[in-house]
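**Q** My questions all concern the structure below.
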Amino acid sequence: MNVAARKVQDYKCIMMLIASNEIAGIRRLIAASLRHGCSARSIVILIEQAIEGLYSPRGGFSDCDLNIAFLVKAIGGPCLLYALQKSHGLASDLAVRHNHKIPQLTPSIGEPSPEDTSQNMTAFGPRSKAATDPICKWYTRQYSDV
């Protein structure tokens, strides 16, 4: 078999492996392989190892991956994030904490004071957005007399 036919066969093999298997982190696996200059045959070997559970890429998460992991942790907690990290290749809790600033809210007993309300509103973003956003202006006007 000549070189060109073997390369075509390797690319067909890559497509068949991706189409017939659910591989966690396939985008990151292929991106890392291309970044390191791997050939099509070595990518096939890496995909086969990933299917068998012998290889998983580290890091290289996109903003979308990190946002999904952040939402999973916020809604389901760290145990759900861990389970989905192992089964679907989501980012870890440490990666989420490293890449996302988690706002600290000030709890209040009873009715929140204007200072608590203001502090909690500014914890979620810069003050300039709150000053230009009509909903934030309305909220501040409504609850500034509390």
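The values are calculated or read from the model by the stated rules, or taken from the named source; none is laboratory data. Worth saying up front: this structure is predicted, and the values here are computed from it rather than measured. Here the Cβ is made from the backbone with ideal geometry for all residues, glycine too, and neighbour counts use every protein chain on show.
**Q** Inside segment 78-109, can you point out the residues that are aliphatic (A, V, I, L, M) and part of a helix (DSSP H, G or I)? Before the answer, list the steps.
**A** Of all residues in segment 78-109, those aliphatic (A, V, I, L, M) come to 80-81, 83-84, 90-91, 94-96, 102, 105, 109.
Of everything in segment 78-109, those that are aliphatic (A, V, I, L, M) and part of a helix (DSSP H, G or I) turn out to be L80, L81, A83, L84, L94, A95, V96.
**Q** A further question on this structure: Among the numbered criteria (1) out of contact with any helix residue (DSSP H, G or I) (no Cβ under 8 Å at 6 or more places or on another chain); (2) closer than 27 Å to L29 by Cα; (3) buried (at least 16 other Cβ atoms within 10 Å of the Cβ), which single criterion is violated by L71?
**A** (3)
**Q** Working only within segment 15-39, note down all residues that are more than 30 Å from R97 (Cα to Cα) and surrounded by 17 or more Cβ atoms within 10 Å (Cβ to Cβ).
**A** L17
**Q** Continuing with the same structure: Are any residues in segment 106-123 in contact with a helix residue (DSSP H, G or I) (Cβ under 9 Å, 6 or more places away or on another chain) and surrounded by 11 or more Cβ atoms within 10 Å (Cβ to Cβ), and if so, which ones?
**A** So in segment 106-123, the residues in contact with a helix residue (DSSP H, G or I) (Cβ under 9 Å, 6 or more places away or on another chain) come out as 106-108, 112, 114, 117-118, 121-122.
Scanning segment 106-123 gives T106, S108, P112, P114, T117, S118, M121, T122.
**Q** Out of A130, A50, I need the residue that is over 30 Å from L17 (Cα atoms), modelled with pLDDT under 85 and either loosely packed, with under 13 Cβ neighbours inside 10 Å or small (G, A, S) (or both). Which one? Steps first, answer last, please.
**A** Numbers: A50 fails: over 30 Å from L17 (Cα atoms).
Just one listed residue meets the conditions, A130.
**Q** Another question about this same structure. Give me the helices (runs of 4 or more DSSP H) completely within segment 3-61, filtered to those with at least 1 residues that are of a type in the set (D, E, K, R) and over 21 Å from the mean Cα position of the chain (by Cα), ordered by residue number.
**A** Working: elements: 3-20, 26-35, 40-51.
Filter on segment 3-61 gives 3-20, 40-51.
**Q** Continuing with this model, one more query. Can you tell me which residues in segment 74-85 are farther than 18 Å from H100 by Cα and modelled with pLDDT under 85?
**A** none
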